[in-house]
1. Taking the stated definitions as given, is residue 22 modelled with pLDDT of 75 or more, exposed (fewer than 15 other Cβ atoms within 10 Å of the Cβ) and within 20 Å of residue 110 (Cβ to Cβ)?
2. Tell me which helices (runs of 4 or more DSSP H) are completely within segment 35-92 and hold 2 or more residues being surrounded by 14 or more Cβ atoms within 10 Å (Cβ to Cβ) and either at pLDDT 75 or above or over 18 Å from the mean Cα position of the chain (by Cα) (or both), or say none if there are none.
3. Going by the structure shown, is residue 136 surrounded by 15 or more Cβ atoms within 10 Å (Cβ to Cβ) and part of a loop (DSSP other than H, G, I, E, B)?
């Protein structure tokens, strides 16, 4: 099989799946809630979809995400390698922070894994997630302050915290850059 990158393989498989179901870009857009122009960009490999966008598309097309990335090499025990320069990121949330998406897109809404890189005084402020959602965070470098509802905690390198994320919550860096591993668990 041809050696495509993950994003190229995803673009090709999404297009093939959509067409095999007899759906136009417009129809797929209406089913998924993803704009027609964004869908077109994703299928051309010009845009990397967010986890939420992929979730919407796989649900609309009624396909398993893993199948979209299957390259036919089912005998391999290595399922995927995400090179650092190809790992999807979210730069539009928070202030002075970058979020790297480490979990597979098919886990969106269940178990999500992120690396968060904070600049000095950077912050990620979040609205309540789904009822029962819990976040687990480990500080890998620097120091962070976590506020969940009315409670707050100061964390240093190596510290781990678990807190309710079904209320307003935030993560803030102090006077230095910081890095954390965040796991979001929706029950």
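The values are calculated or read from the model by the stated rules, or taken from the named source; none is laboratory data. A quick note: this is a predicted structure, and the numbers were derived from the prediction, not measured. Neighbour counts run over all protein chains shown; Cβ positions are idealised from the backbone, glycine included.
1. So residue 22 does not fit the description; no.
2. 36-43, 51-61
3. no
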